[in-house]
Amino acid sequence: MKLSGVELRRVRMPLVAPFRTSFGTQNQRELLLLRAVTSEGEGWGECGAMVDPLYSSEYVDGVEHVLRTFLVPALLAADDLTAHKVAPLLAKFKGHRMAKAALEMAVLDAELRAHGISFGTALGSTKDSVPCGVSVGIMETIPHLLDVVGGYLDDGYVRIKLKIEPGWDVEPVRAVRERFGDDILLQVDANTAYTLSDVPQLQRLDPFELLLIEQPLEEEDVLGHAELAKHIRTPICLDESVVSARSAADAIRLGACRIVNIKPSRVGGYLEARRVHDVCAAHGVPVWCGGMIETGLGRAANVALASLPGFTLPGDTSASDRFYTSDITEPFVLEGGRLPVPSGPGLGVTPIPERLAEVTTEQSWLAS
Ligand code: OSB
Ligand code: MG
C-alpha cells in the first residue's frame, strides 16, 4: 500500500453539558480527524489530544505540527506501507503517541477496509457487544450529581465512574452509595490530583467497596502508586502512567496497579493497545477501555478493542449521546447497557458528509 496523502480536519463539537475533571472544565470538544488516502482506498483516524496539554503533554496544535513536519512525511516516503509498519517507521521520533496513534488508526482503517476485515476481527474480538460504563464529571452540588447519576442508571449504564479531586471525593461517593446502594459498580478517577500526603483522605474511600481508584498520583509517580497501594484497600488502576506495553509490565511488576485503563491514543495506537491487553492478561490484570470524548469514529474502534477477552471490566465506552446531541457518524445507542461491536470493514462506520462539514473548522491536505 502506498500513502498518497493525509487530510487533516480540525473539528469542534459542543458537549451536551460541561465536563469537569480535576484538570479543567470542557464545554466543547475540539479535536483532529485524519483521512488517509492510499493506493488501496481511504481510512479515518481520530486523535485523542485536547486543545490544552492538561491531561497529558500533547495538545491539538502540537499534534498538528508534529504530524505535518515529521510523521506524515515519514509515511509518505514509505513504498510498501502497512499498519504494522507505521510504529516502526515513526519510532525515531520520540513521544507524540497521540499523534502517532491517530495516523496508525487511519492507515489501519484503510488497510482493513481494503481487505474487508473489521477492527474487531483484526484486534481479536471475542464478542459482538460490550457492557458500558459512563464517566461522570465533578458537579457543583451533591443533589445535581445524584440526578445525573440516576439518569445514567436509568439509561442502563452498568458502571458509574465519578471524577474526584481534593474536596470532592468521600462525600459524593458516600451520597451515591446511600442513594443507589452497594450493588452498583462504582469507581473513581482522580486524574493525578493527589499526593502521598493524602493517604489518610484516600483511606476514607475504603469502606465504599469501590471497584478501583484511577490515577490518584502524578503520571511519573509509579513507585508512589506502589507505596499508596500498601495503605489503601481500593484497587489502584493506572491511566496516565501507562504509555506502552513496557510501562504496563513495569507498573504491574512494581505493584503499582491491580487494574489498567487502556486508551489507544495514550499508548500510541490500537496495535500497542492490544499488546498492553496481552501483557495485562498474561499477569491476570483486568483491563478496561478508557475514553477521550471520542466522536463515532474513535468510539467504533474503542468498542472493537473493548470486545477483546481481557477487557473484563466495563469501559468508558458510553453512547454517542453521553457527550454529543449529534455525532458525526451514525450514533452509538445503548441497548441493555451495551453497545454493538461494528462488524463492517475497518471501523464499520464513516462520517456523514454533511455532519462532518458542519463541525469542521479547518482543513488541510498533506502530500509529498
Ligand atoms: O481520565 O479517563 C480520563 C476524558 C478526557 C480526558 C481524560 C479522561 C476522560 C474521561 C471521559 O474520563 C472518558 C470518556 O467517556 O470519553
Ligand atoms: Mg482517567
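The values are calculated or read from the model by the stated rules, or taken from the named source; none is laboratory data. All figures in this text were calculated on a predicted structure; none of them were measured in a lab. Glycine gets a Cβ as well: all are built from the backbone with ideal geometry, and neighbour counts include every protein chain shown. Note: accessible area is taken over every heavy atom of the protein model, side chains too, but ligands, DNA and RNA are not part of it. Shrake-Rupley method; radii C 1.70, N 1.55, O 1.52, S 1.80 Å.
Restricting attention to segment 1-46, the residues being open to solvent by 10 Å² or more (accessible area, probe 1.4 Å), among the small types (Gly, Ala, Ser), assigned to a strand (DSSP E or B) and away from ligand 2 (no atom under 16 Å from the Cβ) number 3. Is it the case that some residue within segment 358-367 is free of Cβ contacts under 8 Å to residues at least 24 places away in the same chain, within 18 Å of Arg29 (Cα to Cα) and open to solvent by 60 Å² or more (accessible area, probe 1.4 Å)? Yes: segment 358-367 contains one or more residues that are free of Cβ contacts under 8 Å to residues at least 24 places away in the same chain, within 18 Å of Arg29 (Cα to Cα) and open to solvent by 60 Å² or more (accessible area, probe 1.4 Å).
When segment 271-296 is filtered for residues that are under 18 Å from Leu90 (Cβ atoms) and either more than 16 Å from ligand 1 (Cβ to nearest atom) or among the polar types (S, T, N, Q) (or both), the ones remaining, listed by number, are Leu271, Glu272, Arg274, Arg275. Among the residues examined, Ser197 qualifies as closer than 30 Å to Val267 by Cα, of a type in the set (Gly, Ala, Ser), assigned to a helix (DSSP H, G or I) and more than 16 Å from ligand 2 (Cβ to nearest atom). How about segment 51-143: which helices (runs of 4 or more DSSP H) wholly inside it have at least 2 residues that are crowded, with 21+ Cβ neighbours inside 10 Å? In segment 51-143, 72-76, 83-90, 97-115, 119-123 are the helices (runs of 4 or more DSSP H) which contain 2 or more residues that are crowded, with 21+ Cβ neighbours inside 10 Å. Evaluate the following for Glu240: is it within 16 Å of ligand 2 (Cβ to nearest atom) and acidic (Asp, Glu)? Against the criterion (within 16 Å of ligand 2 (Cβ to nearest atom) and acidic (Asp, Glu)), Glu240 qualifies.
Residues in segment 309-359 that are assigned to a helix (DSSP H, G or I) and either among the acidic types (Asp, Glu) or within 16 Å of ligand 2 (Cβ to nearest atom) (or both): 4 in all.
Residues in segment 249-264: is at least one open to solvent by less than 10 Å² (accessible area, probe 1.4 Å), more than 13 Å from ligand 2 (Cβ to nearest atom) and assigned to a helix (DSSP H, G or I)? Looking for residues that are open to solvent by less than 10 Å² (accessible area, probe 1.4 Å), more than 13 Å from ligand 2 (Cβ to nearest atom) and assigned to a helix (DSSP H, G or I), one finds at least one in segment 249-264, hence yes. Can you pull out every residue in segment 263-292 that is among the β-branched types (Val, Ile, Thr) and over 25 Å from Lys85 (Cβ atoms)? Of everything in segment 263-292, those that are among the β-branched types (Val, Ile, Thr) and over 25 Å from Lys85 (Cβ atoms) turn out to be Val285, Val287. Look at Ser326 and say whether it is open to solvent by 30 Å² or more (accessible area, probe 1.4 Å) and hydroxyl-bearing (Ser, Thr, Tyr). For Ser326, the condition - open to solvent by 30 Å² or more (accessible area, probe 1.4 Å) and hydroxyl-bearing (Ser, Thr, Tyr) - is met.
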